[in-house]
Amino acid sequence: TSNAMWGGRFAAGPDAIMEAINASIGFDKRLAAQDIEASRAHAAMLARRGILTDTDAELIREGLLTVLSEIDSGEFRFSTALEDIHMNVESRLRELIGEAAGRLHTARSRNDQVATDFRLWVRGQCDAAIEGIEALMRALLAQAEDGAETVMPGFTHLQVAQPVTWGHHMLAYVEMLARDRSRFEDARARMNESPLGAAALAGTSFPIDRHFTAQALGFDRPMANSLDAVSDRDFALDFLSAASLTATHLSRLAEELVIWSTAQFRFVTLSDRFSTGSSIMPQKKNPDAAELIRAKVARVNGALVALLTVMKGLPLAYSKDMQEDKEQVFDAADSLMLALAAMTGMVGDMRPNVDRLREAAASGFSTATDLADWLVRALGLPFRDAHHVTGALVKRAEDRGVDLPELSLEEMRAVHDGITADVYEVLGVENSVASRASYGGTAPTQVRAQIARWRETFPA
Ligand code: ARG
């Protein structure tokens, strides 16, 4: 038998394989609440414009609420033969209220319907992502506050570079996440226009009020071009690209936690709540959550590339290709939200090993730059010469298996006879970090100033 919704010109029903490739209900049931919300706005508008009678509009309104409660309670029976969420809802509505249900689809198409539902869903996910990012920012800020003075090694090339503070390192991620948050805010603002009323592609001959439905659904305005409204999925791509960057940042932090929690580094202790054991090696405490966060970015990036690839080269207006947008976005959104929650939990629980961090900060000739700067300041050497002299001192210390502060003054003066005992002051890691007080630098004074700035947004 042919399809109840569109089968008028069909003599036979679809092949089972046709049904399998065509149906989206398996995943787009996640749009049920948005679909019903948009239908309610549409019906209310049709009644206001005299396109529906008030009686029919009321029947539709009540019927849709019943459908929603059936879906929420899990008693709704989804049908693959009805393809997607839109036809599943409408078909149940017809069972509930009869003929009036058939009037709901006046001046509307599934093309503007799905574009509207999906925009509403993605808009909600932007809000959720912003909330999740803010929770993580708060956790990092608390770490920064506790460790504003905690000295640790800073790396470039993963080789010891210069001492920094734990607070400074935590705040670096707060800044990245703040940009991620603003990307979701931008995406949300840009996508907040209503496609509803674009109908199939060309608009409609009915005297609808698109401003009314836009407002009812919390959109800023109706989209200005009906072809564009049903054709583009750039709003979903904006979401995915913001999600990709956020997941990339999470993955870098996750990698640092994996390294830092090793027996070789021992920079940080992760809580038992966010670690797992091994079934064979009794001593193991593995940072699985961090590893999975490190990996989740793959799904998000995959979704971005997949949807970009679906959209490239598609002629206007709607093509069924676009049904492939949803699973990618759902999976990316779920992955991102889980990664954000896990990272927030891990960061909240982790403990920096202060003594070990200090010890590591003082090794690897981490204050060599301070020594070179001292030669410039105290002896008036050009920086390039100071760099060379310091290099020779590092070589000497390395040959002897000691660090810079352990070289005697005689040994130093053998390399450059202008060096005086004052030099030892700059070789200490506390002095080193305190001296880097340029704006945005690692000095505790600067870190405290940045924490105070962030506390205006996120009070303790
Ligand atoms: N399930 C479809 C989708 O997700 C809904 C729109 C279908 N429109 C159509 N003309 N077949 O894209």
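The values are calculated or read from the model by the stated rules, or taken from the named source; none is laboratory data. Since the model is a prediction, treat every value here as computed from it, not as a measurement. Ideal geometry is used to build each Cβ from the backbone, glycine not excepted, and the neighbour counts take in all protein chains shown. Just the protein is used for accessible areas: all its heavy atoms, side chains included, with ligands, DNA and RNA removed. Shrake-Rupley method; radii C 1.70, N 1.55, O 1.52, S 1.80 Å.
Of all the residues that make up segment 144-181, how many are within 22 Å of Ala362 (Cβ to Cβ), of a type outside the set (A, V, I, L, M) and not in a loop (DSSP other than H, G, I, E, B)?
13
Need at least 2 residues that are free of Cβ contacts under 8 Å to residues at least 24 places away in the same chain and of a type in the set (Asp, Glu) per element, so show me which helices (runs of 4 or more DSSP H) inside segment 344-417 make the cut, counting only ones lying wholly within it. Give the derivation first.
Values: elements: 354-361, 368-379, 383-400, 409-415.
Answer list for segment 344-417: 354-361, 383-400, 409-415.
Among the residues of segment 15-32 satisfying the criterion of being within 13 Å of the ligand (Cβ to nearest atom) and either farther than 30 Å from Asp72 by Cα or not in a helix (DSSP H, G or I) (or both), which is most open to solvent (accessible area, probe 1.4 Å)?
Filtering segment 15-32 for residues that are within 13 Å of the ligand (Cβ to nearest atom) and either farther than 30 Å from Asp72 by Cα or not in a helix (DSSP H, G or I) (or both), the one most open to solvent (accessible area, probe 1.4 Å) comes out as Ala23.
Kindly indicate which of Pro282, Pro315 is free of Cβ contacts under 8 Å to residues at least 12 places away in the same chain, within 16 Å of the ligand (Cβ to nearest atom) and either of a type outside the set (D, E, K, R) or under 30 Å from Asp112 (Cβ atoms) (or both).
On the way: Pro282 fails: within 16 Å of the ligand (Cβ to nearest atom).
Answer to the check: Pro315.
Looking at segment 69-92, I want the residues that are within 16 Å of Lys320 (Cβ to Cβ) and have a partner that is in a loop (DSSP other than H, G, I, E, B) and open to solvent by 30 Å² or more (accessible area, probe 1.4 Å) with Cβ atoms under 6 Å, at least 6 apart or on another chain. Which pairs are those?
Cβ pairs passing all conditions: Met87/Met5.
List the number of the failed condition for Asp228; all other conditions in (1) under 30 Å from Leu314 (Cβ atoms); (2) open to solvent by less than 50 Å² (accessible area, probe 1.4 Å) hold.
For Asp228, the failing item is (2).
So which of Ala263, Ala339, Ala295 ends up being crowded, with 20+ Cβ neighbours inside 10 Å and among the small types (Gly, Ala, Ser)?
Working: Ala263 fails: crowded, with 20+ Cβ neighbours inside 10 Å; Ala295 fails: crowded, with 20+ Cβ neighbours inside 10 Å.
Just one listed residue meets the conditions, Ala339.
Check Arg92, Arg119, Arg108 and return the single one that is surrounded by 22 or more Cβ atoms within 10 Å (Cβ to Cβ) and not in a helix (DSSP H, G or I).
So the residue among Arg92, Arg119, Arg108 that is surrounded by 22 or more Cβ atoms within 10 Å (Cβ to Cβ) and not in a helix (DSSP H, G or I) is Arg108.
Would you be able to tell me the number of residues in segment 386-417 that are surrounded by 15 or more Cβ atoms within 10 Å (Cβ to Cβ) and charged (D, E, K, R)?
Summing the residues that are surrounded by 15 or more Cβ atoms within 10 Å (Cβ to Cβ) and charged (D, E, K, R) in segment 386-417 gives 3.
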